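Notes follow once the structure below has been shown.
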Amino acid sequence: MSNSDLFSQHVLATYGRFPLVPVRGEGCQLWDETGKRYLDFCSGIAVCSLGHCHPRVVAAIHDQAGKLLHVSNLYQIPQQAQLAAEINTHHVRIPGKIFFSNSGAEANDGLIKSARRFGHKRPQADGSPRFEVITFQQSFHGRTLGSMSATGQAKIQAGFDPLLPGFRYLPFNNIVALEAGIQPQTAAILLEPIQGEGGVHSATPEFLRAVANLCRKHDLLLLFDEIQTGFGRCGDAMAWRMIAPEIEPDGISWAKGMGGGVPIGAFWLNDRAIDDAGTPLPALMGPGSHGSTYGGNPLVCAASLAVLQEIREKELAAHAILMEVRIRETIRTWQLPIITEIRGSGLLLGVQLDPELVPTPEGKTPALVVATRLMERGLLVPPAGPNTFRLLPPLNVTEEEIDEALAIIQAVLTALNSPLSAT
Ligand SMILES: *Cc1c(COP(=O)(O)O)cnc(C)c1O
C-alpha cells in the first residue's frame, strides 16, 4: 500500500496537503523521499527559526533526552525557570510570569482565561463580571474552542457553533470602530501586532498606540498574540517593538519559533499591580487555576532555551532586517506587475499577487498556484490568504540562500507574467 493510501485510510483529512514527503533537513534545506532538494522558506510555518536540525538544538535535545524527558508539573522543573528567566530578561525585558503550554492555541486559551479572571476581579459598576475580549477581523488565534472563538474569520468557525461567548470582532487598524466597540463588559483586547495567517497585515503605530491608550483608559488587559511574530522573526525580539516600542503589554502568547520545532508554547503576564492594594496581575492565576500535563517538560524547555539563546547571541533579529532589505530591494528591481505589494517586517513577509495575472485552474487560489510552481522548482513557501504567499525562511538564512530563492521566484513569476514564454 502506498504511503498516500495508508494516509487517507488512517489519518483524518483535516489538512489540504501538498504531495511532498520531506525526509531530511539541514539548515534552510530540505530533501524529499526521491532525493530532490528544496530551499525551505516555510520553516514549518515560522517554527524552525534556526532551520532544520541546528547542531545546538539537536545537542540540547540529545543531552536532555539522555537525562530526563518528562516528570509532570507536580515537581520542580528547573528548565522552566531557566527558560522563563531567558525570556523575561532578554526577550520581553519587562518583569512578568510565564506559563508553559504545548501550542499556540493553548497559550491563547491561557490569555483568555486570564482575561476572564481579571474581569471577575475588576467587575462592572453593577458588580457583574466583565468577560468580553475584543479581537479583530482576519485575525488568527488558533483552533481550540477558545482560540477559534477568538479568531475573527467565519471560515474557521463554520459549523462549530455555538462558539464560546464573549468575543467581539472589530475591523483591524480602525481606531474609531475600536472606541465605539468597547462595552461595559469588555475586559481585554487581544491582537497580533502583525496578522500572519490573515495575509500579513501590520498594525499601524497609530492604531497600536490607540489600543494601548484605550486599554489604560478603560482598565482593559492589553494582550499580544506573538505566536507567529515573536522571538526575532519580525526584526526585534517582539514584533510590537517594531511598531510602537514604548508599549508595555499586560499579556503575551508565544509558540511556533520559540521551540525551533519541539511543541512548546507559553503565555506571559506582566507583574504590574491591577488594583490599589497592589495585587499583581499574575496573582489572578494562582495554584489550581490552570494546568497542562506536558506543558514545559524538561525536554522542550531545554530545546527552547537553546533556540532563544542562539537567536540572541547571534543577533538574528537584526540579521532578519538585513535580509528583509535584500528581499525588498531585489524584488523592486524586477518591476513585475504580478507583484502588487510586499507587506510585513523582518522575515515575516507577504508577497501580494495580482489575482488577475495568475491563471487559477480547478478553483485553486492564486497563492496556491504560485506556491505549487515554486515547489516544483525547489522552493517551499506557505500561502497566507488567497492572493498572498509568505516568505518565512529560518532567521539564520544566508544571503546566498535568499538570492537562490529570489531567483526561483523571479523565474516563476516572470513565466506567469508572460504565459506565451512559459515552459
Ligand atoms: C499559528 C498561530 C496560532 C495557533 O498556534 P497552534 O500552535 O497551531 O495552536 C495562534 N496565533 C497565531 C498568530 C498563529 O500564527
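Working from label points 7 Å from Cα in the Cα-to-Cβ sense, the residue 94 to residue 18 distance is 3.7 nm. Stretched out fully, how many nm does the piece from residue 275 to residue 177 gain, at 0.36 nm a residue minus the Cα gap? Length difference between fully extended and current span is 32.4 nm. Sorting the segments 361-373, 222-234, 42-54, 195-207 by their residues' average number of neighbouring beta-carbon atoms within 10 angstrom, most packed first, yields 222-234, 42-54, 195-207, 361-373. Of all lysines in the structure, the ones whose alpha carbon falls short of 24 Å from that of residue 364, not counting any fewer than 8 places away in one chain, are 155. In the chain, what percent of the accessible surface is made up of carbon and sulfur (1.4 Å probe, ligands and nucleic acids excluded)? Taking all protein chains in place, the chain shows 56 percent carbon and sulfur surface.
Work from the charge dipole of the chain (Cβ charges, +1 for Lys and Arg, -1 for Asp and Glu, about the Cα centre) and give the residue of 166, 196, 92 farthest towards its positive end. Ranked along the dipole, the leading option is 166. Where in segment 332-354 does the amide nitrogen come within less than 18 Å of the point 7 Å from the Cα of residue 377, taken along Cα to Cβ? Backbone N within reach: 332-342, 350-354. Cross-link partners for residue 314 among the aspartates and glutamates, with Cα-Cα distance under 19 Å and sequence neighbours closer than 8 places in the same chain left out: 26, 86, 236, 324, 399, 400, 401.
Once R0 is set to 56 Å, what does the formula 1/(1 + (r/R0)^6) return for the Cβ-Cβ distance between residue 318 and residue 158, expressed as a FRET efficiency to the nearest 0.05?
Working: r = 42 Å, r/R0 = 0.74.
Rounded to the nearest 0.05, the efficiency is 0.85.
Rounded to two decimal places and with Rh computed the Kirkwood way over Cα pairs, what is Rg over Rh for segment 150-223? When Rh is taken as the Kirkwood radius, the ratio is 0.97. Between 238, 407, 18, the Cα set farthest toward the positive side of the dipole of the chain (charges on each charged residue's Cβ, about the Cα centre) is that of 238. Counting only DSSP beta bridges whose two residues both lie in the chain, roughly 65 percent are antiparallel.
Counted by Cβ distance under 12 Å from residue 88, the other residues give a net charge of 0, where Lys and Arg count +1 and Asp and Glu count -1. Between beta-carbons, use under 10 Å as the cut-off and find the net charge around residue 141, counting Lys and Arg +1, Asp and Glu -1. Every neighbour counted, the sum reads -3. Taking every DSSP bridge with both residues inside segment 166-272, close to 45 percent are antiparallel.
Run the dipole for segment 57-313 about the Cα centre, Lys and Arg Cβ at +1, Asp and Glu Cβ at -1, nothing else charged, and hand back the magnitude in debye, nearest 20.
The dipole of segment 57-313 has a size of about 260 debye.
From the largest down, segment 57-313 spans 55, 41, 38 angstrom on the principal axes of its Cα atoms.
The residues of segment 57-313 have, on average, 40 Å² of accessible surface per residue, using a 1.4 Å probe with all protein chains present. DSSP assigns beta bridges within segment 223-376; of those with both partners inside it, close to 75 percent run antiparallel. Remark: segment 72-89, residue by residue, has Karplus-estimated 3J(HN,Hα) of 5, 6, 5, 10, 5, 10, x, 5, 5, 5, 4, 5, 5, 5, 4, 5, 5, 6 Hz, where x stands for each Gly or Pro and the curve is 6.51 cos²θ - 1.76 cosθ + 1.60 at θ = phi - 60°. When only Cα pairs below 8 angstrom with a gap of at least 6 residues are kept, segment 57-313 shows a relative contact order of 29 percent. Cross-link partners of residue 256 among aspartates and glutamates, defined as those whose alpha carbon lies under 15 angstrom from its own and excluding same-chain residues fewer than eight positions apart: 106, 192, 197, 225, 226.
The values are calculated or read from the model by the stated rules, or taken from the named source; none is laboratory data. On a predicted model such as this, the values are computed, not experimentally measured, just so you know. Note that we place each Cβ from the backbone using ideal geometry, even for glycine, and neighbour counts take in every protein chain shown. Accessible surface is based on the protein model in full, side chains and every heavy atom, while ligands, DNA and RNA are left aside. Shrake-Rupley method; radii C 1.70, N 1.55, O 1.52, S 1.80 Å.
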